[in-house]
Each structure stands twice: as structure tokens, then as C-alpha cells.
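Only one structure is covered here, and it is reproduced in the block below.
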Amino acid sequence: MGPQEHIHTVALQPEEGPEDFLAKFQAEIAELEDFVVFADLLGGTPCNVVSRLILEGKDIQLYAGMNMPMVIGYLNGELIGEEVNYVEFGASNIQHINAMLAASDDDEDE
């Protein structure tokens, strides 16, 4: 989908802890007014750090279990100005390809 000037990333390096991530995250969002956070793992450091900020009263929309379909859904939603259910969009794009191929083979046999 090309370069995206409105997508920001905050990496957590193996040698870093929650305090390091918090500092980098706060620096990244300092100039942002409205944003959505996609974290990779529920219970992982980025998710936990942002969750604490939410519990402290920060207005942040946080989604854990991020996958590429969620990001694409976000980008498409922003492009056309529509709300996207990121959880539904991300989950509906998870498929077991072996099962799909087997079902396709079964259909061809009939």
C-alpha cells in the first residue's frame, strides 16, 4: 500500500524493558492527537505498557494480536473514511490453507 506517513512504529529491543518502551512510546505520540495502537501480543510488554496508560486515564484505543490484515483494514478505513472493526477484520482473514485446499480438491472431485 506504499509509504504511509501516518503510521508510526515503536520497537522493543531484546535488551530493553518496560521503562525503555514507555519512554520511546511517549516520545512517538507526543505530537499526535488521535491515534490507534496495534500491539503484537496480549500480555507482551508493549500491550502492558499501553494498558497501564489507559488505566491511568489516557484516551488510547489499543488492539492486541495485531496482524497484517488489521493494518490493511486500518489503512483502507482511513483512506475511505469508514469505521473498521479491526478485531473482526483481522480474525476473518485467518485461514488454514491446507483445509481450504482440501475442500477445493473435494469440490473438484464431485
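Laboratory data are not the source of any read-out in this text; all were calculated from the coordinates shown. Note that the structure is a prediction, hence the values are computed from the model and not measured. Virtual Cβ from ideal backbone geometry, glycine too; neighbours counted across all protein chains shown.
Figures for the structure shown
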quantity	calculated
Inter-site label distance for Asn76 and Ile60 at 7 Å from Cα along Cβ, in nm	2.8 nm
Estimated [θ] at 222 nm from DSSP helical runs (n ≥ 4, -39500 (n - 2.57)) normalised by residues in the chain, nearest 500	-15500 deg cm²/dmol
Helix axis angle, 18-29 relative to the chain longest principal axis, alpha carbon, degrees	90 degrees
Summed residue charge, Cβ within 15 Å of Phe89's Cβ, Lys/Arg positive, Asp/Glu negative	-4
Helix 68-80 vs. the chain, principal-axis angle (Cα, 0 to 90°, nearest 10)	80 degrees
Centre separation in Å (Cα based) which lies between the stretch 1-60 and the stretch 76-96	20 Å
Extension gain (nm, one decimal) between Ser92 and Val36, 0.36 nm per residue minus Cα-Cα	18.2 nm
Hz values of 3J(HN,Hα) by residue in the stretch 86-102 - Karplus curve (6.51, -1.76, 1.60), Gly and Pro given as x	4, 5, 5, 4, x, 5, 5, 9, 8, 9, 8, 4, 4, 5, 5, 5, 5
Rg [Å, one decimal], Dmax [Å, integer] - the chain, C-alpha atoms	17.8, 60
